[in-house]
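Inspection log for the structure reproduced underneath, given as structure tokens.
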Amino acid sequence: MIRNVIAELRLQPQHREQVELIQELPPREAVYKKLDRDLPPELLAYLFSRGFSLFSHQCEAIKHIRNGENVIITTPTASGKTLAFNLPIFEQLAENTKATALYLYPTKALSNDQLKKVQELEKGTGIRLKAALYDGDTPQGSRPQIRNNSRLVISNPYELHQVLPWHHKWQKFLANLSFVVIDETHYYRGVFGSNVAFLVRRLRRICHYYGSHPQFILSTATLANAREFGEKLVGLDFKLIDEDGSPTGKKYFVFYNPYYDGVGKLSVHQETRNLFLHFIRNDLQTLCFTVSRKMAELITFWARNELQATEPELGERITAYRAGYLPEKRREIEGKLKSGYLKGVTSTNALELGIDIGSLDSVLISGYPGTIISTWQQAGRAGRGTDESSAVLVAFHNPLDQYFMKHPQSFFDKSHEYAIIDIMNDYIMFGHMVCMAAEMPIDPERDRVFFGDKYDLIIEALKKAGLIQETPNGWVYSGKGRATELVSLNNLSQEIFKVLFEGRLLETMDKTQAYREAHPEAVLLHLGETYLVNELDLKNRIVKVSKEDLDYYTKPITETEVSIIKEFRKKQWGDFSLCFGQLEVFEHYIGYRIMRYDKVIGSGLIDLPPLVFRTTGIWFTLPVELQERLWKARKMDPDLYERAPRKTEQGLAQYVFQGGLHGSEHAMIGIMPFHVMCDRWDIGGVSTLDHPDTGKPSIFIYDGFEGGIGLTEKAYYLIEKVIKTALELVRDCPCHDGCPGCIYSPKCGNANEILDKKTTILILKELLSVIKA
């Protein structure tokens, strides 16, 4: 059935040209293994009653957990990772009746789902651990009982951050803590992951104080640097388990490109709706992932409207699912999906993580979700077990989506993605040292290990800021308010702005987001509604908005300057060089464009002080003579004289060179998330014909966060791969002069002006050739 439905895409006129690839992923048989030592009878009986046999990777994980080692399990979705750590933990907690375990999950929905599995295991084995959920929704009256009686607690990093200052209330639990499980570990990357890395170190420090040294078990999707990432996140050595023994059914993976010709017939959202209807009309239970809450709602709305006239009963069996729905509504949808009543669901990535929704026939992924890991996790929602299934990736008109459409094997090869965290960021260290001082006195002999060479500098800075003071027992917190309020796990900025509508809080945002989305006269979108920004109060960090029914949106116009503070590393290839170091970035928000769809219908001015921050980045310097060499290759191109008819030959030479530098900057930023797990919005860039600090043509690419978080540092070591994929992206794009699929950037502050595709290709070729030489 699934094979026929997929084959129809190749035959139907409205779909066949958009199908770039149908990749058949063959089924794989299970690889079973026996444990060196049997599990206790109650656990064996549980497995037998459910017909479970252990896969090879589960046995391997159990062996190393039993040996007391820290383990990171990196196998695909639905491969049985949870059982692999639950069994040895239950075994240990049954033997040692004082031992406890802490499970951390990134979302409340996943925590709730996993609590059900743990309670089912408790019931099925008779091993009573009084497992409980402890998060912001836990009633105050239930908390003491959980702290004192539960031996397995499920929580999340946000709650742990708030709990650690009250560790004395958890003394019994922490003194006996034997296991810490961090599931969906790949989620903890970038700023969030860097903060969680210090949160884990704070937990380990407190455990050490109470005399416990828990084992850590990490569970993650496939990463290029799983062991390195796990060791950085926790600060301990890990045993890697990465040979998957679970079975899979045949999967048809379709790459579907609405912009196969560089232009397209329908929008990507209309194409998604049509594919969604194609699958559910063929009786395939289908989950469609979208890039936003709004699109999840709209695709369901459009599909229902089309079904209303001919198949109204089918229209009643599709729905949207997203964060923002009440928990009861989400549980109801999950249940109806698992039971098979619902034929189609459109969702944000809220259903990407391992919430149990049963086995589906097909998954639609509308827009590359940003990482190969997320794509495979979403695709893995279809065909759990040995059932056949299909997954369709519908490409947007942007660099990464289009790169995969033209180079599909780079997607199907082993993961290229490196999860990056930075445990040496001054701003992150600063905040967590304040938290440590509030939790227990900082002892230089014991705690210097967490901060390395920066320990004395941070102590001195906190002392000057009046946040710590010295006592006979060590440094203690002396600031006003709760120390945890100084640290947001999700961002580095402590300047949080409140968005108010008629005095009511709508949402909060950091300063950079406020400049970008909440400048005066900006159109702010909130839960599908449009609001007009009336005032941005920088002093009091308040944004005042009024609700307006608007059919346009706004995009800021920015100018960015970069200055070099310090060079850390350098590679030289003749007249070309690549450096990594510290930069100071000045972002000037000078105006905004008023947009309706993709058309500019007006503009306005912004009068705000610049955003200034220090970060880390890489920069290329190119020889001045390169401009003349490239001009010789381009000067006979008649298109140039049409695009810039009033320029002199010298002016045209500078124009195309600047366009090539600018295009190379955009292409490398656009492709970098393929190698370094991040969002393109996490990275900034500047290109110039003559930078004052280098005296040469230069391309700068930097981390978009105060202090840097290691993204461009990793890119420095992977630079040949970054340039190679950027070149392939631009070279193989079917457009003529550049487009959003190659060198245009949605975050370009000057509206993608002065971009030249042909010169971009020449510059990237030049860079690649000198590096390889």
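For region 27-64, how many residues meet the condition of being part of a helix (DSSP H, G or I) and either over 24 Å from F238 (Cα atoms) or not charged (D, E, K, R) (or both)?
Residues that pass the stated criteria total 16.
Looking across region 517-537 at every residue that is hydrophobic (A, V, I, L, M, F, W, C) and open to solvent by 60 Å² or more (accessible area, probe 1.4 Å), the one that is modelled with the lowest pLDDT is identified as L527.
In this structure, is M672 in contact with a strand residue (DSSP E or B) (Cβ under 7 Å, 6 or more places away or on another chain), at pLDDT 90 or above and open to solvent by less than 40 Å² (accessible area, probe 1.4 Å)?
yes
Looking at region 256-342, the helices (runs of 4 or more DSSP H) lying wholly inside it that each contain 2 or more residues that are surrounded by 22 or more Cβ atoms within 10 Å (Cβ to Cβ) sit at 268-281, 293-310.
Filtering I72, I89, I62 for residues that are crowded, with 19+ Cβ neighbours inside 10 Å, out of contact with any strand residue (DSSP E or B) (no Cβ under 9 Å at 6 or more places or on another chain) and either of a type in the set (V, I, T) or modelled with pLDDT of 95 or more (or both) leaves a single hit, I62. Selection within region 19-51: residues that are touching a helix residue (DSSP H, G or I) at 6+ places or on another chain (Cβ under 8 Å) and aromatic (F, W, Y). The member of this set that is surrounded by the most Cβ atoms within 10 Å (Cβ to Cβ) is Y46. Residue-level check: of (1) at pLDDT below 95; (2) over 19 Å from L203 (Cα atoms), D135 misses just (2). For region 749-765, residues that are touching a helix residue (DSSP H, G or I) at 6+ places or on another chain (Cβ under 7 Å) and either of a type in the set (D, E, K, R) or assigned to a loop (DSSP other than H, G, I, E, B) (or both) total 6. Among the numbered conditions (1) open to solvent by less than 10 Å² (accessible area, probe 1.4 Å); (2) at pLDDT 85 or above, the only one that M677 does not meet is (2).
Please pick out the residue among F289, F253, F238, F276 that is within 17 Å of L307 (Cβ to Cβ), under 27 Å from the mean Cα position of the chain (by Cα) and among the aromatic types (F, W, Y). Within the list F289, F253, F238, F276, the selection yields F276. When L240 is tested against (1) touching a Lys or Arg at 6+ places or on another chain (Cβ under 8 Å); (2) of a type outside the set (D, E); (3) crowded, with 19+ Cβ neighbours inside 10 Å, exactly one condition is not met: (3).
In region 494-516, what count of residues is obtained for those that are surrounded by 14 or more Cβ atoms within 10 Å (Cβ to Cβ), outside any strand (DSSP E or B) and modelled with pLDDT of 90 or more? Number satisfying all stated conditions: 2. Within region 361-377, the residues that satisfy the criterion of being open to solvent by less than 10 Å² (accessible area, probe 1.4 Å) and either within 23 Å of Q270 (Cβ to Cβ) or part of a loop (DSSP other than H, G, I, E, B) (or both) are S362, V363, L364, I365, S366, G367, T371, T375.
For region 95-113, the candidate set comprises residues that are open to solvent by less than 40 Å² (accessible area, probe 1.4 Å) and part of a helix (DSSP H, G or I); within that set, the residue that is modelled with the lowest pLDDT is A109. Taken over region 543-559, the criterion of being touching a Phe, Trp or Tyr at 6+ places or on another chain (Cβ under 7 Å) and either part of a loop (DSSP other than H, G, I, E, B) or surrounded by 16 or more Cβ atoms within 10 Å (Cβ to Cβ) (or both) is satisfied by V543, V545, E548, T554, K555, P556, I557, T558. Scanning region 210-223 for residues being over 25 Å from L110 (Cα atoms) and either open to solvent by less than 20 Å² (accessible area, probe 1.4 Å) or in contact with a strand residue (DSSP E or B) (Cβ under 7 Å, 6 or more places away or on another chain) (or both) gives a total of 1. Which of the residues spanning region 100-130 are touching an Asp or Glu at 6+ places or on another chain (Cβ under 7 Å) and among the acidic types (D, E)? Selection gives D113 alone. Counting only helices (runs of 4 or more DSSP H) wholly contained in region 381-477, the ones carrying 1 or more residues that are acidic (D, E) occupy 399-406, 426-439, 444-447, 455-464. Considering only residues in region 706-730 that are of a type in the set (G, A, S) and farther than 22 Å from Q402 by Cβ, the one that is most open to solvent (accessible area, probe 1.4 Å) turns out to be G707.
Comparison of D703, D690 shows that the only residue that is modelled with pLDDT of 90 or more and either closer than 27 Å to D422 by Cα or crowded, with 18+ Cβ neighbours inside 10 Å (or both) is D703. Across region 453-465, the number of residues qualifying as open to solvent by less than 40 Å² (accessible area, probe 1.4 Å) and not aliphatic (A, V, I, L, M) comes to 1. A residue that is touching a strand residue (DSSP E or B) at 6+ places or on another chain (Cβ under 6 Å) and more than 18 Å from V19 (Cβ to Cβ) occurs nowhere in region 404-414.
Counting only residues that are buried (at least 18 other Cβ atoms within 10 Å of the Cβ) and under 15 Å from T82 (Cα atoms), how many does region 116-149 have? Qualifying residue count, region 116-149: 2.
Somewhere in region 7-18, is a residue buried (at least 16 other Cβ atoms within 10 Å of the Cβ) and more than 24 Å from H407 (Cα to Cα)? The answer is no, given that none of the residues of region 7-18 is buried (at least 16 other Cβ atoms within 10 Å of the Cβ) and more than 24 Å from H407 (Cα to Cα).
Would you check if L486 is surrounded by fewer than 18 Cβ atoms within 10 Å (Cβ to Cβ) and within 26 Å of the chain's Cα centre (by Cα)?
When the stated conditions are applied, L486 passes them.
In region 218-248, of all residues being assigned to a strand (DSSP E or B) and among the β-branched types (V, I, T), the one that is farthest from I428 (Cα to Cα) corresponds to T248.
The values are calculated or read from the model by the stated rules, or taken from the named source; none is laboratory data. Predicted model, so just to flag it, every value in this text is computed and none were measured. Quick reminder, even Gly has a Cβ in these numbers, built from the backbone with ideal geometry, and neighbours come from all protein chains shown. SASA here: full protein model, heavy atoms, side chains in, ligands and nucleic acids out. Shrake-Rupley method; radii C 1.70, N 1.55, O 1.52, S 1.80 Å.
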